[in-house]
Amino acid sequence: MSNLNAPNSPFVPFSPNPSIQSGVPTATPPLSASKPAQLGSSNLRYASSRKSIYDRHLNRTQRSELSKASFAFLFGEMIQYAQKQVSGIQDLEKKLNIQGYAIGQRLLELLLYREGRSAKRETRVLGILQFIAQTLYRHLFGKPADGLEKSREHEDEYMLIDHDPVVNSHISVPKEMSQLNCAAFVAGIIEAVLDGSLFPCRVTAHSVFSEQFPSKTVFLIKFEESVLEREAVLQ
Amino acid sequence: MVILSILILNKAGGLIYQRDFNEGLNKLSSNDYLVLAGTFHGVHAITSRISPVPGSGGLEVLESDQFRVQCFQTLTGTKFLIFAEPHQPNIDVICRRVYELYADYVMKNPFYQIEMPIRCEQFDRQLVAYIKPKQ
Amino acid sequence: MPIYSFYIFDRHCECIYVKQWLERERERSSFRPQTANSTISSPATLSEKRVSTPIDAPTNARPPHGRLSVQDDAKLVFGVVFSLRNMVRKLSGPDDNFISYRTSSYKLHYYETPTNLKFVMLTDIRMDNLRVALHQIYINLYVEFVTKNPLSPVEHKGGEGVACELFELGLERFVQTIQDV
């Protein structure tokens, strides 16, 4: 790692693990201290081997699960936090979308890495949507999406259907905010995955009431012009 | 299982949820229910005071000719009152399930303000599905 | 199964009779015999005490820290019973009667006569419904020895006239039979 860069490059190889770091970082000190913290001086705990979460193998948590309750509490707090800073339903959905966006960007890389040698870069709209409906959904929620449809009125619109989004399972939106769908968070994740695969689009979450599935949600994916043109060429 | 109605009181004794499931109790106005809740809260506190044996909790079961109330007090001071028929078995199980539903659909709801009246649609739906499945 | 105490309240919301079997180490007055265990004290001293306690608490009896005096206890019990009775009436009509309630360490049984005379008994939690027993106390003991007593007043203000010997004896014996069951 220390031999990769040219001697006068502006980039300094940086790793939180001081044992493999070379060069001198000019701006910020490394994330983990060079010596273990003294007792009573700070509340941070450091593993004695000085390895951090960034040094773990990426596939280590592939099979791990998170309790739904923990996520529900965290997500509830995220919504309350977002609510304090915005002044309308559109803004709130946008804030949740941005929160999901950051996750989606990284998730795309992780999932493609985990697919290994068989990973294929999706170039067709249907391909990437299948990736989202199957792989991404399975990774996030343990089950594939419940439906994928193409809109008949608009060429550039596709709909991903989820009968009972996990993120909304504990949330009851009050009547005065009935337009809000907190799955805007998941819409953000989807949007980031699509943007990262070079399918620029806009994704929004809409609640559709049905007798059988009272909290059915439809993610409306609206692609930009460039995507349609490319699709037409590849056809 | 025939449950007549459920009341939930917050820490201060205020009524935060009231719902009738079956006929059997008189229909009172919402003000009456508020007064009832406050009275019950006070009585619950006194019953632990007048105990002849030291270290008693509050009132747990109240019996009358036509109904029976079971009061479940959580560690946080919230009281769940379940009104049922006099010979209804397994009210404990029902109490615990209602508490579970409360923890799931009220406490995890970001739009619910603690100690305020409960207006969560999911909680209502799940409760009705549990207590009165046919309807 | 122990029985802890027994109260009678008249229709003027006054406590006219109190009997406690569980020593609560609360009063150091000269009236009370210094017994440490919860056995039934001798009727003579108790009846003496019975007459005076509901009227005026002995001025030298200060309850130790945290414990209530007998009078306060009786007032609280009456308050609880009255509120619960009203609550039950409101919820299921004027014909319904509140029978008993249970907490984690005691059970309170209640019986009200058509003349608004209230009989309250506090027992262990395992005791079954004592409504019938309270009814029996009313007809066999109260009516016989108190109401039919030509010397007792009509209104038992301050508990006067209730704690006569026959009534006390009968009550003791009756409670023994309940406890042994």
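The values are calculated or read from the model by the stated rules, or taken from the named source; none is laboratory data. Quantities reported herein were computed from a predicted structural model and do not represent experimental measurements. Cβ sites come from the backbone with ideal geometry, for glycine too, and all protein chains shown count toward neighbours.
Of note:
- Taken as a whole, the structure places C:P94 among residues that are farther than 18 Å from C:R131 by Cα, part of a loop (DSSP other than H, G, I, E, B) and either at the interface with chain B (Cβ under 7 Å from one of its Cβ atoms) or out of contact with any strand residue (DSSP E or B) (no Cβ under 6 Å at 6 or more places or on another chain) (or both).
- In the condition set (1) crowded, with 20+ Cβ neighbours inside 10 Å; (2) modelled with pLDDT under 90; (3) not in a loop (DSSP other than H, G, I, E, B), B:P52 is compliant with all but (3).
- Scope region A:194-226; condition surrounded by 14 or more Cβ atoms within 10 Å (Cβ to Cβ), charged (D, E, K, R) and out of contact with any strand residue (DSSP E or B) (no Cβ under 9 Å at 6 or more places or on another chain); matching residues: none
- Qualifying residue in region B:27-36 (condition: within 14 Å of chain A (Cβ to nearest Cβ), free of Cβ contacts under 8 Å to residues at least 40 places away in the same chain and assigned to a loop (DSSP other than H, G, I, E, B)): no
- Beta carbons closer than 9 Å, at least 6 apart along the sequence or on distinct chains, pair a first residue in region B:1-23 that is more than 23 Å from B:V93 (Cβ to Cβ) with a second that is of a type in the set (F, W, Y) for B:G13/B:F40; B:L15/B:Y33.
- Screening the candidates A:Q85, A:Q99, A:Q105 for the property of being out of contact with any Asp or Glu (no Cβ under 7 Å at 6 or more places or on another chain) and at pLDDT below 90 yields one hit, A:Q85.
- Failed item in (1) within 30 Å of C:I99 (Cβ to Cβ); (2) within 12 Å of chain A (Cβ to nearest Cβ), with B:F111 passing the rest: (1)
Residue-wise test of (1) part of a helix (DSSP H, G or I); (2) farther than 26 Å from B:Y112 by Cα; (3) among the basic types (K, R).
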site: A:Q130; (1), (2), (3): yes, yes, no
site: A:A133; (1), (2), (3): yes, yes, no
site: A:Y137; (1), (2), (3): yes, yes, no
site: A:H154; (1), (2), (3): no, yes, no
site: A:L160; (1), (2), (3): no, yes, no
site: A:A187; (1), (2), (3): yes, no, no
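- Per the listing B:G24, B:G58, the residue uniquely under 20 Å from C:S104 (Cα atoms), at the interface with chain C (Cβ under 10 Å from one of its Cβ atoms), of a type outside the set (A, V, I, L, M) and touching a helix residue (DSSP H, G or I) at 6+ places or on another chain (Cβ under 8 Å) is B:G58.
- Test: C:K75 is surrounded by fewer than 20 Cβ atoms within 10 Å (Cβ to Cβ) and at pLDDT 85 or above: yes
- B:F40 satisfies every condition listed in (1) in a helix (DSSP H, G or I); (2) in contact (Cβ under 8 Å) with a residue 40 or more places away in the chain; (3) away from chain C (no Cβ under 11 Å) except (3).
- Check on A:E191, free of Cβ contacts under 8 Å to residues at least 12 places away in the same chain and either more than 14 Å from chain B (Cβ to nearest Cβ) or buried (at least 16 other Cβ atoms within 10 Å of the Cβ) (or both): no
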